[in-house]
1. Which of (1) in a helix (DSSP H, G or I); (2) open to solvent by 60 Å² or more (accessible area, probe 1.4 Å); (3) over 22 Å from residue 233 (Cα atoms) is the odd one out, the single condition residue 170 does not satisfy?
2. Scan the range 223-247 for residues that are within 11 Å of residue 189 (Cβ to Cβ), in a helix (DSSP H, G or I) and among the hydrophobic types (A, V, I, L, M, F, W, C) and report the count.
3. Residue 138 fails exactly one of the following numbered conditions: (1) in contact with a Ser or Thr (Cβ under 6 Å, 6 or more places away or on another chain); (2) surrounded by fewer than 19 Cβ atoms within 10 Å (Cβ to Cβ). What is the number of that condition?
4. Quick test of your reading of the structure: residue 124 fulfils all but one of (1) within 25 Å of residue 51 (Cβ to Cβ); (2) part of a helix (DSSP H, G or I). Name the failing condition by number.
5. Looking only at the range 146-156, which residues are open to solvent by 10 Å² or more (accessible area, probe 1.4 Å), assigned to a loop (DSSP other than H, G, I, E, B) and of a type outside the set (Phe, Trp, Tyr)?
6. Checking residue 133 against (1) under 30 Å from residue 43 (Cα atoms); (2) touching a Phe, Trp or Tyr at 6+ places or on another chain (Cβ under 7 Å), only one condition comes out false. Which one?
7. Within the range 49-89, track down each residue that is without any contact (Cβ under 8 Å) to a residue 40 or more places away in the chain, in a strand (DSSP E or B) and in contact with a helix residue (DSSP H, G or I) (Cβ under 9 Å, 6 or more places away or on another chain).
8. Does residue 51 satisfy being of a type outside the set (A, V, I, L, M, F, W, C), buried (at least 16 other Cβ atoms within 10 Å of the Cβ) and within 18 Å of residue 26 (Cα to Cα)?
Amino acid sequence: MSGAGGFDWRSNPEHHAAQSMLSHMTAYYAWTLALFGHDFQGPAADAGAGSGHFSELLADRVEPLVLLEGGQENLDLLRQRFAGRSGVTVEDCDLTQCGGTLARHGTRSIFTLDVLEHLHDDLAVLKQFHEALAPDGRLYIKVPALQFLYGPVDEASGHYRRYSRSRLRKVVEAAGFTVEKCHYMNIAGVAPYFLKSRILKRHENFSRTFTVSQIRRIQRAMPYLRILDRVTGPFIGLSVICVARRQ
């Protein structure tokens, strides 16, 4: 899947290195899943499943589950990771042309984490999700937040944009969805990202700016980061979380 500029985020080496680092971030994915809610309807799809770190948590919560991916390396990893696991199917699918696959599986829940920012036409893909979802089906989104943070880190990661809460809500509603909740996540991550992307101008994926030991320290701090978010609102954050419904 390539955007207008020809960037294929799934085959980008920076993306795969970031996925390797994020394998230490199970607590972060669990936090995201908790913010989405607790009662998920199957069949479900993880659209842009990457190498399956979030998918593994999701597979314990909802089934059947289809993992949509298009990069061959990630497809191989997903098939190996979920080999023999009942209720999980891996599909080679370009997200710009995945409506038929989603409809064929009777999808009632679509999860897409840190994917829309890689797509040149995010609205077209969201409209496709809306058309493919069953009535009253839900869409669960996580995207990077705050356009003022956009810099070399985003460019190295193949991002077209970052989202404000209002911007994400607008494009989701334009696709036909009714937004049930839309809010920021991870206020503590804003300052480090600003430093690395806008001040130090690190031209590499954000995850690669941390050592494995630093990632593990962040993982241990995750319960306190979640408390900080609950206390602050938060009024800004490194990501935006959105849950929307097809009426």
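The values are calculated or read from the model by the stated rules, or taken from the named source; none is laboratory data. Everything quoted here is computed from the prediction, not taken from an experiment. Ideal geometry is used to build each Cβ from the backbone, glycine not excepted, and the neighbour counts take in all protein chains shown. Protein only, heavy atoms only, side chains kept; ligands, DNA and RNA dropped before computing areas. Shrake-Rupley method; radii C 1.70, N 1.55, O 1.52, S 1.80 Å.
1. For residue 170, the failing item is (3).
2. So the answer is 2.
3. Tallying (1) in contact with a Ser or Thr (Cβ under 6 Å, 6 or more places away or on another chain); (2) surrounded by fewer than 19 Cβ atoms within 10 Å (Cβ to Cβ), residue 138 fails exactly one: (2).
4. (1)
5. 146
6. Tallying (1) under 30 Å from residue 43 (Cα atoms); (2) touching a Phe, Trp or Tyr at 6+ places or on another chain (Cβ under 7 Å), residue 133 fails exactly one: (2).
7. Residues satisfying the conditions are 65, 67, 68, 88.
8. yes
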